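Input: a single structure, listed below in structure tokens.
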Amino acid sequence: MAIVEFRDVSRVYRNGEHEQRALDHVNLSLEEGQFIVVLGPSGAGKSTLLNMLGGLDSPTEGTILVNGKDISTLSADELAEYRAASVGFVFQSYNLIPTLTVIENVALVKEIAPNPLSSHDMLRAVGLEDHIHQFPAELSGGEQQRVSIARALAKNPHILLCDEPTGALDSETGVLVLRLLLSMARDMGKTIIIVTHNQNIARMADMVIRVKSGRIQSCEKQEHPLAVEEVDW
Amino acid sequence: MKKLFLPWRSLHHHPARTFILALLVCCLAFSVFSGSVLILSLRNGLYSLENRMGADVIAVPSTAKSKTNLEQMLLQGTTGYFYMDREKLDQIQATSGVLTASPQLFLASLRASCCSLPVQVIGFDPETDFTVRPWIAESYSGDLALLEVAVGSKVSAGVGEKIRIYENNCPVVARLAPTGTGLDTAVYCSMETVRHLLDAARSLGHDLKINGDPEDVISAVYIRVADGYDPEKVAADISLHIRKVDAVQTKRMFTGVSDSLSGIAGTVVWLVAAVWLLALAILILVFILMTRARRREFAVLRLAGMSRTMLRRMVLAESLLCSLPGALAGVGIGAAVLFPFNALIESMLGLPYLSPPAGLVILLAAATLLLSVGASSLAAMSAAARLSRVDPGTTLREGA
């Protein structure tokens, strides 16, 4: 069942007379519980695609359906509600609040999300149950990224949007994080969408979307994606 | 997690910033509250003095010191006395435009064994008086018998006690409501009592510089002018036509006081306005710097699904959590400085000074809290509004 559908979506940025088409008549259909990788060079439109899906931006043309609901016409407050209920974000920089402990960083979504999960459970799921009272500065990069994944998951979203989640990590820690994200798709049924430059990550995806100049260049399903351990890092 | 957790945690994690914010609001509240109370107390004092006088014109002997003495007695509570012939009262009453004229007779007790304390004794004529009697009537319904006295609010003798004046024990039958003027330090009695005390003083050897019989002297005449007459002209007529008498329009007497009051009030208003503007500017700056430093934090919250309204509410809560205690402290310090030291402030300013009634003080305190917390909230909201327009996706991707 398609959880996300892009129907002829375009996003045009205008600056005076200059016009930039960041997305150009994009059509996409993404299924629930899949591990999806979006590949493409800088400026191809990957981040714009993620912004649209994350409710951070709206298309100038076309329709985006998430769980059958059109999010392309929502107001700013409705988009905030959508973000609170349906999507989680993970970025290359971990974006933890330095004044809060690990558990508080995760638990803050309880004030925002309508159906949050247990913060302790999420930290256990990412293997950080022994670090809950530490501050972000006391953790390694990989641990901080796992906290940010726990925070994104604690909202109990349908979709997890990850923008270069392993970009700042060494390969060993990157593998750990990817294994975690993959298990979220396989075990928890979450739809994981990863935007990256790293071609290797694509080998473990259920679907690989290649973007170039604001257009979908290819959208291929992989019947037999590799396990994280099988990928040559 | 409680609703105030995030604001509280942020304040707790930045104690210096929190302290500076609370201190700024405290200064703001202190300046507004104490400035307002000071101005109102001075105004109150002047109104009280004008109301208590009730006279349009006051006539005194035309000696060099008498007018100054009277003014000092009324404003600062110094003691003094001066006398003129009683026949001047008849002449004043006969002057065109005079509706009522009531005499008063002054005597000053001494800091000596004959007297329990140095006070101004003011005798009034119950038949004609229109200034002291209404005041006494607020706290005592009877007439003052021989040697009975009513005391001003600052005289240290209570009802039922006795004041010793020139070896006469005078029972206190009433304690008068405060006016914030020199009248609060005086003792009031009938003319008969003052004459009795004058005799006692003379018999104890004190030279009161009375020429003739004490029965035939008065100190001042309080005059009410008939409708349609100009008090200034009546005063001028009295001064011109009655020998050795100076009449002065009451309002003129207080012009100096009023001018001083306006000067002080103006300075206080400017100071308060300057403190306000400065504090508001610093508050806005601190909030802008604070929110700028927390761009990423706010972007995380926006991305997690916090709406702009929720974000503003959070910043507002943070501002309230540190500004409310600051404002309360400012009002508290203002009250602790002003009210216990009323007498000191009055003597330093040399002006009538009467604290506003408790209800008004509470209203002022509430208004000050509202204004101070409002200013802080305004600063916080302006910063939050700027910040809520920032695109969270870009901010977090930048990693800045």
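The values are calculated or read from the model by the stated rules, or taken from the named source; none is laboratory data. Only a predicted model underlies this, so the values are computations on that prediction, with no experimental measurement involved. Here the Cβ is made from the backbone with ideal geometry for all residues, glycine too, and neighbour counts use every protein chain on show.
Counting residues in region B:43-61 that are farther than 30 Å from B:K233 by Cα, crowded, with 21+ Cβ neighbours inside 10 Å and either at pLDDT below 80 or outside the structural domain of B:Q93 (by TED's automatic domain parsing) (or both) gives zero.
Listed by first and then second residue, the pairs with beta-carbon distance under 6 Å, at least 6 apart or on different chains, first residue in region B:285-313 and closer than 27 Å to A:L153 by Cα, second surrounded by fewer than 18 Cβ atoms within 10 Å (Cβ to Cβ) and at pLDDT 80 or above, are B:S307/A:D77. Of the residues in region B:319-328, not one is surrounded by 14 or more Cβ atoms within 10 Å (Cβ to Cβ) and either under 18 Å from the mean Cα position of the chain (by Cα) or not assigned by TED's automatic domain parsing to the domain that holds B:A22 (or both).
Looking across region B:1-40, the residues that are under 38 Å from the mean Cα position of the chain (by Cα), surrounded by 21 or more Cβ atoms within 10 Å (Cβ to Cβ) and aliphatic (A, V, I, L, M) come down to B:L21, B:A22, B:L24, B:V25, B:L28, B:A29, B:V32, B:V37. Considering (1) within 14 Å of another protein chain (Cβ to nearest Cβ); (2) over 26 Å from B:A273 (Cβ atoms), the lone condition that B:A385 does not fulfil carries the number (2). Pairs meeting the criteria (first residue in region B:198-222 and at pLDDT 90 or above, second residue in a strand (DSSP E or B) and among the aromatic types (F, W, Y), beta carbons under 6 Å, at least 6 apart or on different chains) are B:S219/B:F106.
The rows are residues; the columns are (1) in contact with a helix residue (DSSP H, G or I) (Cβ under 9 Å, 6 or more places away or on another chain); (2) buried (at least 16 other Cβ atoms within 10 Å of the Cβ); (3) modelled with pLDDT of 85 or more.
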position	(1), (2), (3)
B:I264	yes, no, no
B:V275	yes, yes, no
B:I284	yes, yes, no
B:R295	yes, yes, no
B:L301	yes, yes, yes
B:M306	yes, yes, yes
B:R312	yes, yes, yes
B:A336	no, no, yes
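Contact map, region B:153-166: residues that are assigned by TED's automatic domain parsing to the domain that holds B:L107 and touching a residue at least 40 places away in the same chain (Cβ under 8 Å) paired with residues that are in a loop (DSSP other than H, G, I, E, B) and of a type in the set (V, I, T), Cβ distance under 8 Å, separation 6+ or inter-chain. Pairs shown: B:I163/B:V119; B:I163/B:V155; B:I165/B:V119.
Note on region B:241-336: enclosed helices (runs of 4 or more DSSP H) holding 2 or more residues that are within 30 Å of A:F91 (Cβ to Cβ) and within 14 Å of chain A (Cβ to nearest Cβ) are B:255-293, B:295-303. Of the residues making up region B:341-386, those that are part of a loop (DSSP other than H, G, I, E, B) and either outside the structural domain of B:A293 (by TED's automatic domain parsing) or without any contact (Cβ under 8 Å) to a residue 40 or more places away in the chain (or both) are B:F341, B:P357. Taken over region B:175-200, the criterion of being in contact with a Leu (Cβ under 8 Å, 6 or more places away or on another chain) and small (G, A, S) is satisfied by B:G180, B:G182, B:S190.
Just one of (1) closer than 30 Å to A:K69 by Cβ; (2) within 14 Å of chain B (Cβ to nearest Cβ); (3) in contact with a helix residue (DSSP H, G or I) (Cβ under 6 Å, 6 or more places away or on another chain) fails for A:V126. It is (2).
The single residue among A:V37, A:V26, A:V12, A:V90 that is modelled with pLDDT of 90 or more, within 14 Å of the chain's Cα centre (by Cα) and on the phi < 0 side of the Ramachandran plot turns out to be A:V37.
Taken over region B:8-35, the residue count meeting the criterion of being within 11 Å of another protein chain (Cβ to nearest Cβ) and assigned to a helix (DSSP H, G or I) is 6.
Across region A:187-226, what is the total count of residues that are in contact (Cβ under 8 Å) with a residue 24 or more places away in the chain, at negative phi and outside any strand (DSSP E or B)?
Number satisfying all stated conditions: 13.
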